[in-house]
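Below is one structure, written out as structure tokens; comments come after it.
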Amino acid sequence: MERRVAIVGAGISGLLACKYVLQIGFRPVVFEADDDMGGLWRHTTETTKLQNPKETFQFSDFPWDSSVKEDCPSSQQLLDYLNSYAQHFSIVPYIRFNSKVIDIDYAGESDEEMNSWELWNSDGTPFGSKGRWHITVEDTKNFSTKVHKAEFVILCIGKYSGFPNIPEFPIGKGPEIFEGKVMHSMDYSSLDNKTAAELIKNKRVTVIGSEKSALDIASECANANGVTYPCTIIQRTSHWFLQDFNIGGINLGFLYFNRFAELLVHKPGESFILSLLATLLSPLRWGISKFVETYLRWKFPLEKYGLVPNHSFLQDISSCQTGILPEFFFDKLKEGSIVIKKSQSFSFCKEGLIIDGDAKPIETDLVIFATGYKGEQKLRSIFKSPTFQSYINGSGNSTVSLYRQIIHPRIPELAIIGYAESLSNIFSNEMRCQWLAHFLDGNIELPSIREMEKDVKIWKDNMKQHTKSLNLRSCIVACGIWYNDQLCRDMKCNPRRKNNIFAELFEPYGPSDYNGLVRK
């Protein structure tokens with residue numbers, strides 16, 4: 001009997017999942033709500049660029065074309081790259097565009113039966129259960145629906161779309177009393193470039209947020225309106241931002257993304273010796289973070305504009321909250337086309353916004369919330385079963401309890417790709433898809449559900465240790481090589497990917513180091 005594999009989403013993760021599932025002999029179907037592939041990258045602001053040098057953000061077996069000269073390519077260049085990848089590996093015929101998955105439901109196994117299992121999916125294999133997924137798909141052109149069945153589902157729906165996170169306000173102090181327009185960055189980014197430009201032209205825009213999307217949108221507004229209509233950013237927390245990946249002439253990869261750097265941090269499930277070593281080397285860990293912070297404070301006028309974070313660079317990078325500054329960002333601050341205000345809270349009034357400590361409101365025509373997304377809520381909503389919905393954490397943060405950041409111990413015949421972040425999501429998600437291909441091909445044996453849940457807790461506790469006071473996110477930057485080592489051992493591949501001991505210790509790891517982990 002043919003074992004049907006369904007993939008939800010044709011963004012980067014969906015393309016990777018399809019490529020590797022095809023490689024092991026399955027014929028998957030990919031459901032994509034849009035009329036083209038690319039996922040989130042089809043809905044970005046005009047000036048959005050990669051946060052990474054392109055060498056770290058590429059497929060392991062498909063490098064960027066030599067015609068792309070930019071170190072950090074634009075969103076359109078990335079879309080062209082994804083399309084070339086899909087064409088090269090014959091992925092496109094397996095994608096059903098304009099097919100929006102409304103929900104998925106698991107039939108054939110009762111909750112009582114599944115609760116009695118000691119092994120995932122009853123026997124620890126991908127197809128051991130007699131259950132099947134029923135996938136309700138809506139045709140976005142004629143709005144008809146159809147139910148598809150599959151033995152295995154791979155969710156590649158992403159957490160940065162669909163469910164915007166918008167702050168709540170007391171009655172009488174929210175957007176309802178504001179005479180201008182309010183929107184989320186998700187809606188702004190979905191506009192075509194011409195419409196977005198018309199929306200902000202000659203408008204007093206206020207952006208709420210402190211991370212990359214807030215700075216990008218403010219920079220676009222400043223480009224459009226200059227000092228005539230300055231763009232105001234209201235933020236609670238400042239984060240460490242970079243101009244590029246060089247710190248005083250040293251590539252950031254040599255400071256944070258090699259094996260030696262990981263010896264300085266505590267890792268989930270580490271031995272006593274490694275734990276002791278990380279403790280003894282903690283002064284060096286602190287010193288590297290202070291070196292980066294000192295360089296950034298020298299490079300940029302952070303004190304002048306009140307942008308010195310009250311936490312370390314290590315905390316920011318360990319929680320995936322660093323970013324690359326938009327071009328000429330501090331020039332715009334200097335000329336006054338961008339104004340930054342720090343406040344822990346604010347409220348709306350008829351004319352605009354009132355922040356704590358200010359008697360006069362910020363008069364504005366357009367407010368854009370760049371306040372992130374409710375990734376867990378988006379994931380939870382796709383399940384029809386209340387039981388499965390309850391398994392997705394309800395803690396309000398963006399972590400999801402996944403073994404190897406791929407499989408939920410209590411949800412059978414399903415994998416989730418893309419809910420854990422890293423320095424290069426294309427790189428880390430390709431590793432997960434290679435692991436998943438090995439698992440679907442019968443080459444990986446899972447531990448018991450109890451052992452999987454224990455491992456999940458160990459990783460979560462480790463992430464809390466690295467992020468400290470920052471919001472907990474499923475970010476594996478601090479232990480990325482350690483994580484990949486686990487995946488390699490599961491796949492029975494050598495985790496040591498370099499040619500010599502010096503390179504193994506001090507060279508940054510990248511996508512090309514993990515090419516060819518799945519058989520042809």
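The values are calculated or read from the model by the stated rules, or taken from the named source; none is laboratory data. Bear in mind that the values here come from a model prediction, so they are computed numbers and not experimental data. Every residue, glycine as well, gets a Cβ built from its backbone with ideal geometry; the counts of neighbours run over all protein chains shown. All accessible areas refer to the heavy atoms of the entire protein, side chains included, with ligands and DNA or RNA removed. Shrake-Rupley method; radii C 1.70, N 1.55, O 1.52, S 1.80 Å.
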Quiz prompt | Mean projection area, nm², convex hull over Cα of region 71-152 | solution = 8.9
Self-check item: Within-14-Å neighbourhood charge of Pro93 [Cβ basis; K, R +1; D, E -1]
Solution: +2
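Over the chain, what relative contact order in percent results from Cα pairs under 8 Å that are six or more residues apart?
On the way: 957 pairs, mean separation 115.0, N = 520.
Computed over the chain, the figure is 22 percent.
Using the Cα atoms as the points, what is the convex hull volume per residue of region 205-296 in Å³? Intermediate results must be reported in sequence, preceding the final value.
Values: hull volume 12.4 nm³, N = 92.
Hull volume over Cα atoms, normalised by residue count, gives 135 Å³.
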Exercise. Mind listing the long-range amide H neighbours of Cys231? Cut-off is under 5 Å, sequence gap 5 or more, other chains count too, H placed in the peptide plane at 1.01 Å from N.
Key: Ile338, Val339
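Subtract the Cα-Cα distance of Gln389 and Glu453 from 0.36 nm times their separation in residues, and report this length gain in nm to one decimal.
Details: separation 64, 0.36 × 64 = 23.04 nm, distance 1.70 nm.
Result: 21.3 nm gained on full extension.
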Practice problem: Might you work out the accessible area of Trp41 for me, using a 1.4 Å probe with all protein chains in place, and round it to the nearest 10 Å²? | Solution: 50
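At a threshold of 8 angstrom on Cα-Cα distance, excluding pairs fewer than six apart, so keeping six or more, what relative contact order does region 14-101 reach in percent? Kindly include the intermediate steps, with their values, before the conclusion.
Numbers: 86 pairs, mean separation 43.3, N = 88.
Averaging sequence separation for qualifying contacts and normalising by length gives 49 percent for region 14-101.
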Practice problem: Taking the chain as the reference, fit the longest principal axis to its C-alpha atoms, fit the long axis of helix 212-225 to the helix C-alpha atoms, and give the angle between the two in degrees, 0 to 90, nearest 10. | Solution: 40
Practice problem: Mind pulling the per residue volume of the convex hull built on the Cα atoms of region 291-365? Å³ is fine. | Solution: 137
Quiz prompt | Angle between the chain longest axis and helix 480-490 axis [Cα atoms, degrees, rounded to 10] | solution = 10
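Between Lys464 and Val308, what's the calculated FRET efficiency when r is the beta-carbon distance and R0 is 30 Å? Round to 0.05.
Values: r = 24 Å, r/R0 = 0.81.
Efficiency for this residue pair is about 0.80.
When a/c reaches 1.5 or more, the comparison of a/b and b/c decides; with that in mind, is region 1-54 rounded, prolate or oblate per its Cα gyration tensor? Please list the in-between numbers first.
On the way: a/c = 4.95, a/b = 2.05, b/c = 2.41.
Since a/c reaches 1.5 but b/c is at least a/b, the shape of region 1-54 is classed as oblate.
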Quiz item: If each of Ser343 and Lys146 carries a label point 7 Å out from its Cα toward its Cβ, how far apart are those two points in nm?
Solution: 5.2
Quiz prompt | Spherically averaged projected area of region 136-180 from its Cα convex hull (nm²) | solution = 6.5
Self-check item: Options Ile411, Pro447, Met37, ranked by Cα towards positive dipole end of the chain, top entry (Cβ charges)
Solution: Pro447
Quiz item: Tell me, what is the per residue accessible area of the chain in Å², probe radius 1.4 Å?
Solution: 44
Quiz item: Across all directions of projection, what mean area in square nanometres is found for the Cα convex hull of region 28-182?
Solution: 15.3
Practice problem: Would you tell me the accessible area of Tyr81, worked out with a 1.4 angstrom probe on the heavy atoms of the protein chains, in Å² to the nearest 10? | Solution: 10
Quiz item: How much net charge surrounds Pro326 when only the other residues with a Cβ under 11 Å from the Cβ of Pro326 are counted, with Lys and Arg +1 and Asp and Glu -1?
Solution: -1
Self-check item: Surface share of carbon and sulfur [accessible, 1.4 angstrom probe, percent] for region 467-516
Solution: 51
Quiz item: Of the heavy-atom accessible surface of region 1-139 (probe 1.4 angstrom), what whole percent is carbon and sulfur?
Solution: 47
Quiz item: List the aspartates and glutamates whose alpha-carbon lies under 18 Å from that of Lys454, not counting same-chain residues fewer than 8 positions away?
Solution: Glu118, Glu270, Glu445, Asp490
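Translational diffusion coefficient, Stokes-Einstein: compute it for region 106-176 using the Kirkwood radius over C-alpha pairs as Rh, at 37 °C and 0.692 mPa s, and state it as an integer in µm² s⁻¹. Can you show the working numbers first?
Values: Rh = 16.3 Å.
Stokes-Einstein gives a translational diffusion coefficient of 201 µm²/s.
What's the magnitude of the charge dipole for region 1-103 around its Cα centre, counting Lys and Arg as +1 and Asp and Glu as -1 at the beta-carbon? Answer in Debye, nearest 20. Could you put the intermediate results ahead of the total?
Values: 10 positive and 13 negative charges, 76 e Å.
Charge dipole of region 1-103: 360 debye, to the nearest 20.
Specify whether the C-alpha gyration tensor of region 366-450 places it in the rounded, prolate or oblate class, a ≥ b ≥ c being the square roots of the eigenvalues: rounded for a/c under 1.5, otherwise prolate if a/b is larger than b/c and oblate if not. It would help to have the intermediate numbers written out before the result.
Numbers: a/c = 2.58, a/b = 1.40, b/c = 1.84.
Oblate, since a/c reaches 1.5 and b/c is not below a/b.
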Quiz item: For region 292-371 and region 191-233, what is the separation of their Cα centres, given in Å?
Solution: 14
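P(r) tail for region 399-520, what percent of Cα pairs lie past 17 Å?
Details: 4297 of 7381 pairs.
Percent of Cα pairs beyond 17 Å in region 399-520: 58.
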Quiz item: Roughly what % antiparallel, to the nearest 5, for the DSSP beta bridges in the chain?
Solution: 45
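Can you tell me how much longer the chain between Glu2 and Asp513 gets when fully stretched, taken as 0.36 nm per residue apart minus their C-alpha distance, in nm with one decimal?
180.6 nm
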Practice problem: Could you work out, for the chain, what percent of all Cα-Cα pairs fall into each 20 Å distance bin, beginning at 0 Å and stopping at the bin that holds the largest distance? | Solution: 21, 55, 23, 1
Exercise. Quote the relative contact order of region 210-338 in percent (integer), defining contacts as alpha-carbon pairs under 8 Å separated by 6+ residues.
Key: 43
Practice problem: Inverting the mean 1/r over all pairs of different Cα atoms, compute the Kirkwood radius of region 1-114 and quote it in Å. | Solution: 15.8
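Give, in nm to one decimal, the length gained when the segment between Phe506 and Glu335 is fully stretched (0.36 nm per residue of separation minus the Cα-Cα distance). Spell out each step's value before the answer.
Working: separation 171, 0.36 × 171 = 61.56 nm, distance 4.19 nm.
Gain in length upon complete extension: 57.4 nm.
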Quiz item: Ignoring ligands and nucleic acids, what accessible area does Lys203 show with a 1.4 Å probe (Å², nearest 10)?
Solution: 70
Self-check item: Projected label distance in nm at Leu274 and Lys100, using a 7 Å step from Cα toward the beta-carbon
Solution: 4.5
Self-check item: region 260-375, accessible surface, carbon-and-sulfur percent (1.4 angstrom probe)
Solution: 59
Practice problem: Can you bin region 175-234 into rounded, prolate or oblate? Criterion: square roots of the alpha carbon gyration tensor eigenvalues sorted a ≥ b ≥ c, rounded for a/c under 1.5, prolate for a/b above b/c, oblate for the rest. | Solution: rounded
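Rank these residues by their accessible area, most exposed first, probe 1.4 Å: Lys69, Lys464. Could the numbers behind the result be given before it?
Working: Lys69 160, Lys464 110 Å².
Most to least solvent-accessible, the answer reads Lys69, Lys464.
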Quiz item: Spin-label point model (7 Å from Cα, Cβ direction): what's the Asp35 to Arg236 distance in nm?
Solution: 4.0
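For n ≥ 4 DSSP H runs only, could you compute -39500 (n - 2.57) per run for the chain, divide by its residues and tell me the 222 nm figure to the nearest 500? Intermediate values should be presented prior to the final figure.
On the way: 18 runs with 174 residues, N = 520.
One gets -9500 deg cm²/dmol as the mean residue ellipticity at 222 nm.
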Practice problem: Measure nothing fancy, just the Cα-based angle from helix 75-88's long axis to the longest principal axis of the chain, in degrees from 0 to 90, nearest 10. | Solution: 20
